[in-house]
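Note sheet for the following structure.
The values are calculated or read from the model by the stated rules, or taken from the named source; none is laboratory data. Just so we're clear, the structure is a prediction, and the values are computed from it rather than from any experiment. With ideal geometry, Cβ positions are generated from the backbone for all residues, glycine too; neighbour counts draw on all protein chains shown.
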Amino acid sequence: MVGGFDPEEQDGRLGGRLLVAAPQLADPNFVRTVVLVIEHDEPGAVGVVLNRPLQVEVSEILAVWKEQAEAVPPPVVFSGGPVSPDAVIALARPAGEVEGGELKAVVPGVGLVDLSVVPEDQPVVLDGVRLFSGYAGWGPGQLETELEDGGWLVVDALAVDAFAEHPEQLWHDVLQRQGGTLAMLASYPPTPSVN
């Protein structure tokens, strides 16, 4: 088992789970990040970084989604990752029960939204939306290698993770709620050499 990830579990697929950057992960794109994996299959994996808010108001790039973004503060665009920063991915919180096919579920209570369809024409009423500029992506076998090298911890995702009101605390909060050894990592100093 690697960082809470059993490769035999779910046929080794991580869609709908969280990747929490291990304290020693030095890639500046992912230091202390929490990534929600949207898809994971043979061609690779795609996810969005949940805890990197930008100083860009949603109204500056997609004004039509301003009201839904304000429902889940902070109403800013997030940096979803280093791949295709001009692409925008939206996670939504539906207002009620969702029929199959109305919203592509990522985790219970969170789904992907087609941003080409304006909010009032969506097939389901949305209670909140978070927009991500770019995404995190891995080619075939790349994520598995990073897991084996100890770069990521794999934990279960909760709907509240995608819409954390204080995203800068998400890395700490997700580790803390795991209990045991993982909870102890939550207090790991950002720069151990100056501790």
- prompt: Which residues, counting only those in the range 84-116, are at positive phi and either of a type in the set (Val, Ile, Thr) or within 17 Å of the chain's Cα centre (by Cα) (or both)?
  reply: Ser84, Gly109
task: Scan the range 117-168 for residues that are acidic (Asp, Glu), within 19 Å of Glu57 (Cα to Cα) and under 15 Å from the mean Cα position of the chain (by Cα) and jot them down.
output: Glu165, Glu168
message: Would you confirm whether or not the range 92-100 contains a residue that is modelled with pLDDT of 95 or more, β-branched (Val, Ile, Thr) and closer than 23 Å to Arg17 by Cβ?
response: no
query: Does the range 80-102 hold any residues that are in contact with a Ser or Thr (Cβ under 7 Å, 6 or more places away or on another chain) and crowded, with 20+ Cβ neighbours inside 10 Å, and which are they?
result: Gly80
- request: From Asp121, Asp114, Asp149, Asp161, grab the single residue that is without any contact (Cβ under 8 Å) to a residue 40 or more places away in the chain, closer than 26 Å to Gln24 by Cβ and acidic (Asp, Glu).
  value: Asp149
- prompt: Can you name the residue in the range 111-169 that is acidic (Asp, Glu) and assigned to a strand (DSSP E or B) and, of all such residues, is farthest from Arg13 (Cα to Cα)?
  reply: Asp127
query: What is the one condition in (1) polar (S, T, N, Q); (2) surrounded by 13 or more Cβ atoms within 10 Å (Cβ to Cβ); (3) touching a residue at least 12 places away in the same chain (Cβ under 8 Å) that Gln142 does not satisfy?
result: (2)
- prompt: Could we say that Leu54 is farther than 19 Å from Gly137 by Cα and part of a strand (DSSP E or B) here?
  reply: yes
- prompt: Can you find even one residue in the range 5-14 that is at pLDDT 90 or above and under 18 Å from Ile89 (Cα atoms)?
  reply: no
